[in-house]
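Engineer: One structure follows; several queries about it will come next.
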Amino acid sequence: MQAHKPLTHRGIEIVRPDVPGAPVTWTHDESNARGTAETVEAARVQINIHLGTPDPDCSSCNGTGKEDFAWLAYIPCPLCFPEELA
Ligand SMILES: [Zn+2]
């Protein structure tokens, strides 16, 4: 019996911990990359950064990577590229 349904983001598996407070982990076999995050949302952001392209299913920027795409402004989406805001 599984504690959680398998969860993937953009084809990369996100594994939620069985123990509360333990980190969420993700692994990308193709590029031999992995990471840990505090939340599933944070893991999704890490995966977006790892892949280097906007999340096509991002509800904030609609996959453009720009938060304010309607005005053609170059504002990086905080969900896809939060480090560019630093
Ligand atoms: Zn986005």
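Rule-based calculations on the coordinates, nothing more; no lab input. Being a predicted model, the structure only gives us computed values, none of them experimental. Cβ sites come from the backbone with ideal geometry, for glycine too, and all protein chains shown count toward neighbours.
Engineer: Can you tell me which residues in the stretch 14-32 are within 24 Å of Thr64 (Cα to Cα) and surrounded by 14 or more Cβ atoms within 10 Å (Cβ to Cβ)?
Structural biologist: Passing the criteria: Ile14, Trp26, His28.
Engineer: Are any residues in the stretch 40-62 within 10 Å of Cys80 (Cα to Cα) and either near the ligand (Cβ under 8 Å from one of its atoms) or in a loop (DSSP other than H, G, I, E, B) (or both), and if so, which ones?
Structural biologist: The answer is Asn48, Gly52, Thr53, Pro54, Asp55, Pro56, Cys58, Ser60, Cys61.
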